1. If a residue has to be in contact (Cβ under 8 Å) with a residue 40 or more places away in the chain and either in contact with a His (Cβ under 6 Å, 6 or more places away or on another chain) or surrounded by fewer than 18 Cβ atoms within 10 Å (Cβ to Cβ) (or both) to count, how many in the range 41-62 make the cut?
2. Specify the residue that is farthest from L31 (Cα to Cα); the eligible residues are those in the range 75-94 that are surrounded by 17 or more Cβ atoms within 10 Å (Cβ to Cβ) and not β-branched (V, I, T).
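Bear in mind that the values in this text are calculations on the coordinates, not laboratory data. All figures in this text were calculated on a predicted structure; none of them were measured in a lab. Glycine also receives a Cβ, built like all others from the backbone with ideal geometry; neighbour counts cover every protein chain displayed.
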Amino acid sequence: GQRQLLLASENPQQFMDYFSEEFRNDFLELLRRRFGTKRVHNNIVYNEYISHREHIHMNATQWETLTDFTKWLGREGLCKVDETPKGWYIQYIDRDPETIRRQLELEKKKK
């Protein structure tokens, strides 16, 4: 607690990077665990994310808004994202080699 605040005031950029990375990892982990590769509204994931109290809030990260973060996930190829009149939807892209291998197997079987 106290020590972290001290460090944060000395080097805000480093802290923002650290928090951003933590936020991204935790958010993606939650998305993967709870929704797999299903398409889901970004607010649903975020609300669940912040309901776990120990998680880092958005305002400690490099992203101004959830929309910014969502677009970033899309640009980085971490999720499929799409905008609808109801807001943004995200879909986790599973890049686990094992998963990719299984998907290829399935596609071969279909043929």
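1. Initial filter on the range 41-62 (in contact (Cβ under 8 Å) with a residue 40 or more places away in the chain): 41-43, 45, 60-62.
Those still in the list that are either in contact with a His (Cβ under 6 Å, 6 or more places away or on another chain) or surrounded by fewer than 18 Cβ atoms within 10 Å (Cβ to Cβ) (or both) too: 41, 43, 60, 62.
So the count comes out to 4.
2. Ranking the qualifying residues of the range 75-94, first place goes to W88.
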